[in-house]
Amino acid sequence: MPRIAVLCGTGMSHFAFTLSSISGGKSDSMVAESPWGEVPIVVVENDAGQVFVIDRHHSKGDERTPPHSIEHRANVHAASSCNPDIIVSVNSVGSIIESMPPGIIGVAVDVLDLSTQPWTFHDDDAFHSDRTSPFDSALSMICEEVLSLSQGVAPNRVIVAQCVGPQFETATEIDALERLGANVVGMTLGPEQRLISETGIPHVSLPCSSNWAAGRTPGDPDAEINHESVDEMASGMRDVIANCILKLMQSID
């Protein structure tokens, strides 16, 4: 039976419910143990397979763990412990390019992560995972097909810049990231990709454009970024993400 683990965050707190409703499946909750803490998982199961949904911002209370405080090792360890065929990262991002306005989902081809904090499962014995092609190209193409049908456009080969947050970036920082080759910017994909690369599990990244990056709002370069608006925009993309996940499930032999 196909198994997919999904790591999601901003705007996706009800993603498991959306997926269950669209697929006609049932859902249940479980908790995964890890050396870095417990991770709650919602399991959505239907005739096509199982999807393990992890909210990367989970906490023990009602608060949402801020991006700079996420224990990515716990989340990725929990995802890999589900023995998935694929891990999918769904990340809210700010768009630097006009071809990916808010409301559009793309497919990442690479990550630009210049942050200084190391992320690894191998602190005691050096392990160097290859990240030449961080995302699975065949699986990414499947998502592109779904996005083309759903959106009329499927930005591919998207390069995601990693910033640590929790503040949004300045306009000058965005300009610098663009010169380095970035198309969008987010706060969570970099650590996830580094850790997933050590598991050997195929990885797909679906960056969701939730806002224009600082200084990039058409006609209003001084427009401020509001997190509540970002969350609302991201939540509107749940159905399309769910369709991508279901199509990926059908592709697994």
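The values are calculated or read from the model by the stated rules, or taken from the named source; none is laboratory data. Keep in mind it's a predicted model, so treat the numbers as computed, not measured. For neighbour counting, all protein chains shown are included, and Cβ atoms are generated from backbone atoms with ideal geometry for every residue, glycine included. Surface areas here come from the heavy atoms of the whole protein model, side chains and all, with no ligands, DNA or RNA. Shrake-Rupley method; radii C 1.70, N 1.55, O 1.52, S 1.80 Å.
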Looking at this structure, is ILE41 in contact with a Cys (Cβ under 9 Å, 6 or more places away or on another chain), open to solvent by less than 10 Å² (accessible area, probe 1.4 Å) and under 16 Å from ALA242 (Cα atoms)? no
Helices (runs of 4 or more DSSP H) wholly inside the stretch 137-253 containing at least 1 residues that are out of contact with any helix residue (DSSP H, G or I) (no Cβ under 7 Å at 6 or more places or on another chain) and closer than 21 Å to GLN50 by Cα: 137-151, 238-251
Residue under evaluation ASP55, criteria (1) open to solvent by 70 Å² or more (accessible area, probe 1.4 Å); (2) out of contact with any helix residue (DSSP H, G or I) (no Cβ under 7 Å at 6 or more places or on another chain); (3) not hydroxyl-bearing (Ser, Thr, Tyr), criterion not met: (1)
One residue is enough: does the stretch 110-125 have a residue meeting the conditions open to solvent by 10 Å² or more (accessible area, probe 1.4 Å), of a type in the set (Gly, Ala, Ser) and within 25 Å of ALA5 (Cα to Cα)? no
Go through the stretch 86-106 and count every residue that is of a type outside the set (Val, Ile, Thr) and within 22 Å of VAL31 (Cβ to Cβ). 1
Suppose the filter is closer than 26 Å to ALA223 by Cβ, without any contact (Cβ under 8 Å) to a residue 40 or more places away in the chain and not hydroxyl-bearing (Ser, Thr, Tyr); does GLY103 pass it? no
Selection status of GLY49, buried (at least 18 other Cβ atoms within 10 Å of the Cβ) and on the phi > 0 side of the Ramachandran plot: yes
Filter the stretch 151-200 for residues that are among the hydrophobic types (A, V, I, L, M, F, W, C) and open to solvent by 10 Å² or more (accessible area, probe 1.4 Å) and give the result. VAL153, ALA154, ILE159, CYS163, VAL164, PHE168, ALA171, ALA176, LEU177, LEU180, MET187
